[in-house]
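First up is the structure itself, then whatever we jot down about it.
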Amino acid sequence: MRIAIYGRVSTKKQDEMNQLLELRKFIETQDGWILETEYVDKVSGSGKKERPQFLQMMADASQRKFDLLLFWALDRLSREGIVKTIGYLEQLKGWGVGWRSYTQPFLDTGNEMVTGIVLSVLAAVAAQERISISLRTKAGLARAVKAGRVLGRRPVKVDVHKARQMQR
């Protein structure tokens, strides 16, 4: 069976190798599984920013370039809410591509116990986590400003006279 991995981290400061190494090792332990390709995005899964590797993975899935998509956890696949997340999984299934969550083994197209309600709850939790992270970040920034910290880049001193001379 041809396997594709989808890995995602939210920021460029995070390392996707934590996911990828474990997923590769897991594939090696499965009979008949062959790692076909890997897709990795370093971007939020909220749907607000484009995820080029996710889009490529979905395009390749539609062409049956692999048989099963393995991802770390549902929130690594998407944090776009219930409707979109379930929509992605249903699209994969409709194309004849299975999917499996490594850390949530009950989320597997081969597991008949997976129902819409389980996916709905997990997708809602993932979307709520995105909101919680945003609120914590905003609260931290507000506290820093209140404490007198200046946010953003350091000011750059520009010699206007010299800059104008360089324009000529």
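The values are calculated or read from the model by the stated rules, or taken from the named source; none is laboratory data. Since the model is a prediction, treat every value here as computed from it, not as a measurement. We place every Cβ from the backbone using ideal geometry, glycine too, and count neighbours over all the protein chains shown.
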For region 1-18 the number of residues that are under 15 Å from residue 99 (Cβ atoms) and not basic (Lys, Arg) is 6
Mind checking which residues of region 52-78 are among the small types (Gly, Ala, Ser) and either surrounded by fewer than 22 Cβ atoms within 10 Å (Cβ to Cβ) or in contact (Cβ under 8 Å) with a residue 60 or more places away in the chain (or both)? 59, 62, 73
Confirm whether residue 7 is under 24 Å from residue 127 (Cβ atoms), surrounded by 14 or more Cβ atoms within 10 Å (Cβ to Cβ), within 13 Å of the chain's Cα centre (by Cα) and modelled with pLDDT under 85. no
Matching entry among 31, 60 (being assigned to a loop (DSSP other than H, G, I, E, B) and of a type in the set (Asp, Glu)): 31
For region 79-136, give me the residue count where each residue is on the phi > 0 side of the Ramachandran plot, surrounded by 13 or more Cβ atoms within 10 Å (Cβ to Cβ) and modelled with pLDDT of 80 or more. 0
Close pairs (8 angstrom Cβ cut-off, 6 or more residues apart or separate chains): in contact (Cβ under 8 Å) with a residue 24 or more places away in the chain and within 14 Å of residue 64 (Cα to Cα) in region 81-95, of a type outside the set (Phe, Trp, Tyr) and surrounded by fewer than 12 Cβ atoms within 10 Å (Cβ to Cβ) anywhere: 95/64
